[in-house]
Amino acid sequence: MTLRSLNISKDWTLFLDRDGVINHRLVDDYVKTWEDFRFLDGVLEAMKTFNQIFGNIVVLTNQQGVGKGLMKAETLEEIHRKMILEVNDHGGRIDKIYYCPDLRTSGSFNRKPQVGMGLKAKKDFSQINFKKSIMAGDSLSDMEFGKRLKMNTVWISTVEFQPMKHPRLIDFAFDSLFSFSKNL
């Protein structure tokens, strides 16, 4: 199976993780201000390509820094507003961002790999068909989330994925969102 064999069109939805996929992940820290936020190379160009291909583009992100009290939800939402504006200014689009502030240990239904944020997106965008969706992320929880909803999954990471350790979780792997966009 190749990406092109999926026949992706405007009736498809792209779900994206944020940290490590759209922007630089801060090791052992959180993006707590707009000044901390830095797009990864090629992301803005990739978002322009995605805008031309996908009917819906949704970001789903676990943000336990809010739950830990390291930042306010209003600050996170301001970072997201600025991120969307920057993407729009470069010809891309993000239709909506969903985030889960709950702690990893909470067992929250909204925290990936649980499917709560995906179901919220489906409620907001009734045309979403999970079988015509792609989840692109850089963690196994992103891949598990996608597979729980029967999506195609795209591993975005410079760390080589080892299929023998995680069979059937990852359909495609690319070293960046830009590389993924060029293969559509």
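Bear in mind that the values in this text are calculations on the coordinates, not laboratory data. On a predicted model such as this, the values are computed, not experimentally measured, just so you know. Heads up, the Cβs are rebuilt from the backbone with ideal geometry, glycines too, and the neighbour counts pull from every protein chain shown.
What the table below lists for this structure:
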| item | result |
| --- | --- |
| Above-threshold pairs, the threshold being 24 Å between Cα atoms, out of Lys32/Lys147; Lys82/Lys150; Lys10/Lys123; Lys96/Lys150 | Lys32/Lys147; Lys82/Lys150 |
| Assigned charges on the beta-carbon of Lys, Arg, Asp, Glu; the chain dipole about Cα centre (debye) | 820 debye |
| Residue order, fewest to most surrounding Cβ atoms within 10 angstrom, among Ile97, Ile156 | Ile97, Ile156 |
| Gyration tensor (alpha-carbon) shape descriptor, the chain, a/c threshold 1.5 | rounded |
| Between the stretch 84-119 and the stretch 32-69, the Cα center-to-center distance that results, in Å | 9 Å |
| Cα gyration tensor shape for the stretch 43-116, rounded if a/c is under 1.5, else prolate or oblate | oblate |
| Karplus (6.51, -1.76, 1.60) ³J(HN,Hα), θ = phi - 60°, over the stretch 7-21, in Hz, Gly and Pro reported as x | 6, 5, 8, 5, 8, 9, 10, 10, 9, 10, 6, 9, 5, x, 10 |
| Span-rule helices in the chain, defined as complete DSSP H runs reaching 20 Å or more along the axis (Cα) with Kyte mean at least -1.0 | 73-89 |
| Fraction of antiparallel bridges per DSSP, the chain only, in percent to nearest 5 | 5 percent |
